[in-house]
Every structure is written in C-alpha cells, then in structure tokens.
1. Among the residues of the stretch 44-80, write down those that are modelled with pLDDT of 80 or more and either at positive phi or over 27 Å from the mean Cα position of the chain (by Cα) (or both).
2. Pairs needed: first member in the stretch 1-17, within 19 Å of S32 (Cα to Cα) and assigned by TED's automatic domain parsing to the domain that holds F30; second member anywhere, of a type in the set (S, T, Y) and exposed (fewer than 15 other Cβ atoms within 10 Å of the Cβ); C-beta distance under 7 Å; at least 6 residues apart or different chains.
3. For A21, only one of the following conditions fails: (1) aliphatic (A, V, I, L, M); (2) modelled with pLDDT under 75; (3) over 35 Å from the mean Cα position of the chain (by Cα). What is its number?
4. Considering G102, G128, G92, which residue is of a type in the set (G, A, S), over 30 Å from R62 (Cα atoms), under 37 Å from the mean Cα position of the chain (by Cα) and modelled with pLDDT under 80?
Amino acid sequence: MELHKLNKLIDKYEAGETSLAEEAQLRNYFKSHNVPAHLEEYQDIFNYALIEKKHSSKKKVRIRRSNKYYGLVGVVASLLLMIGIFSFQYYGNNELTTENLGTIEDPVEAYENTKKTLQMVAEVLNSGRKDLEYLKEFNTTKNKFLNN
C-alpha cells in the first residue's frame, strides 16, 4: 500500500470514518509489512487482537449466582420498613415542649454527656469496619482466581 493512501486511511480511522473493509486493510498492512517509524504506534493498535490471543487464559471461571432469595429479601425489608415507620408514628408521638427538651444547664455535665454520646456513635460506626475487612479478603481471593 502506498504511503499517502496509508496516511489517508489512518486519518479516516482516527476520525472514525473507516469502513470494516478499510480497517481490515489497515490490519493486514500492519501485520505483514515493515512499518515506517512514524507509524509504529499504530502497529500495536491494529495487532492488539493477535497479541491478546496468545495471552488469553485457558481456564474457565464458573460463577454461580443464587437469586432465589432476592424477592424474599425485598419483602422482608419492606415489612421491616413498615414496622419501623409504624412504631415511630405510634410511640414517637410525644410533642416536644420547652420543658422536656433535655437541656442541661451545667456545662461540665453537658460536655460529659456529649462525649458519651459521640463515643457511642463512634463505636457504632467503627463496628462496620470489621465487615470491610472480610470484604477486602474476599476481593483479594476473587482477584487471584480471576487473574489466573
């Protein structure tokens, strides 16, 4: 293929205007000829499929997904949500007035109560971190199997 035709086809390829036949011509050219130095980067692009065929894995990974419980989980979640809303409406109907806001006048006692409350919140939030360790281990093991 002449160099000016090749350059035209590459320009068309970069613009996304080539047909499948023209792309096949480019692949054949880059597979079978000595490529000029300024076009060597395109050789990797057009020979990618040939290179990757050699590196493909022979192992088949079989992933079994069980989706028979998805519907049941949705129903249970909906029921729990409805029970939570009902209990909040039924038991949480106490109106707040200025007398029962729970305001603490002593600054030291207010500080201690705030510290206790924030400590409880921190414990609840940190309890979720334990589950993330299991997830990290699962992802590491999964990646070992998928990369081999």
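The values are calculated or read from the model by the stated rules, or taken from the named source; none is laboratory data. Note that the structure is predicted; figures quoted are calculated from it, not measured. In this analysis, Cβ positions are derived from the backbone assuming ideal geometry, glycine residues included, and neighbour counts consider all displayed protein chains.
1. Here is the first cut: in the stretch 44-80, the ones modelled with pLDDT of 80 or more are 73-80.
Scanning the stretch 44-80 gives L79, L80.
2. none
3. (2)
4. Among G102, G128, G92, only G128 is of a type in the set (G, A, S), over 30 Å from R62 (Cα atoms), under 37 Å from the mean Cα position of the chain (by Cα) and modelled with pLDDT under 80.
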